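A.B. asks: Attaching a single structure in structure tokens format; questions to follow.
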Amino acid sequence: MPQFDSYSAFDIVPVFRYPDIVNTQPMVFGEVATISYSYYRDRFPVRATGHVQAKGYTAGPRTVAGSLVFKLLNKSVVNKFVHSLYKELGRDLSLMPDELPPFSIDITFANEYGSTTKQSIIGIQIAEGNQIMTIDQLTISEQFSFVAQDVKQVDKDTDDEFFDEDPIENENMYR
């Protein structure tokens, strides 16, 4: 009989990686409140003369996009990114979120029953961002919209080489 596992938002650990920057360790951000993504693929009808109904549909390019929401604790998440990436320069840089280099997010799911699975959003580039301050919430949030190159979903029964010891090497196929 097949076994089905479920996970909640409390069961995930997102790890941010910068594959194009040498000597950068993956970063875990506890401030992540929401990670969402969606994909869209253009579909156009193929028509034939004399037929009212479409004969089929074309498959156009796929677009992956989503949003990241962080809770503002003691400093902006972007400042935390910049400090950890460029600390060897010895000076403070002031970068806007859309100036960050492309990065990937590896999400590990682990529930209380010991079940695990992984997922990765590859080649994220920030497109826009905002900060939310309101009297209706107790915390301040930062929200960023992004586009990405791909989403890799792996279940526990799949032996996917993308999640081997050096996943950064495998991202070169998306460049």
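A short reminder: the numbers here are calculations on the coordinates, not readings from a lab. In this text, all values refer to a predicted model and were calculated from it rather than measured experimentally. Cβ atoms come from the backbone with ideal geometry, glycine included; neighbour counts cover every protein chain shown.
A.B. asks: Within the range 55-85, take every residue that is in a helix (DSSP H, G or I) and not polar (S, T, N, Q) and give me the one that is farthest from PHE44 (Cα to Cα). Reasoning before the result, please.
C.D. replies: Within the range 55-85, the first condition is being in a helix (DSSP H, G or I), and the residues that meet it are 77-85.
From what is left, the residues that are not polar (S, T, N, Q) are 77-78, 80-83, 85.
On the way: VAL77: 40, VAL78: 39, LYS80: 43, PHE81: 41, VAL82: 42, HIS83: 46, LEU85: 43 Å.
Out of the qualifying residues, it is HIS83.
A.B. asks: Here are ALA54, ALA127, ALA65, ALA59: which of them is surrounded by 15 or more Cβ atoms within 10 Å (Cβ to Cβ), of a type in the set (A, V, I, L, M) and farther than 20 Å from VAL28 by Cα? Write out each step before concluding.
C.D. replies: Working: ALA54 fails: surrounded by 15 or more Cβ atoms within 10 Å (Cβ to Cβ); ALA127 fails: surrounded by 15 or more Cβ atoms within 10 Å (Cβ to Cβ); ALA59 fails: surrounded by 15 or more Cβ atoms within 10 Å (Cβ to Cβ).
Selected residue: ALA65, the only one of ALA54, ALA127, ALA65, ALA59 that is surrounded by 15 or more Cβ atoms within 10 Å (Cβ to Cβ), of a type in the set (A, V, I, L, M) and farther than 20 Å from VAL28 by Cα.
A.B. asks: So for the range 86-102 (the condition being in a loop (DSSP other than H, G, I, E, B) and of a type in the set (Ser, Thr, Tyr)), does at least one residue qualify?
C.D. replies: As a first pass, look at the range 86-102 and keep what is in a loop (DSSP other than H, G, I, E, B): 90-96, 100-102.
From the residues that got through so far, the ones that are of a type in the set (Ser, Thr, Tyr) too are 94.
Yes: the range 86-102 contains one or more residues that are in a loop (DSSP other than H, G, I, E, B) and of a type in the set (Ser, Thr, Tyr).
A.B. asks: For the structure I just gave you, tell me whether ARG47 is free of Cβ contacts under 8 Å to residues at least 40 places away in the same chain, under 24 Å from SER120 (Cα atoms) and exposed (fewer than 15 other Cβ atoms within 10 Å of the Cβ).
C.D. replies: Details: free of Cβ contacts under 8 Å to residues at least 40 places away in the same chain: yes; under 24 Å from SER120 (Cα atoms): no; exposed (fewer than 15 other Cβ atoms within 10 Å of the Cβ): yes.
No, not satisfied.
A.B. asks: With (1) within 20 Å of the chain's Cα centre (by Cα); (2) more than 19 Å from PRO19 (Cβ to Cβ) as the list, and GLN53 as the residue in question, which single condition is left unmet?
C.D. replies: (1)
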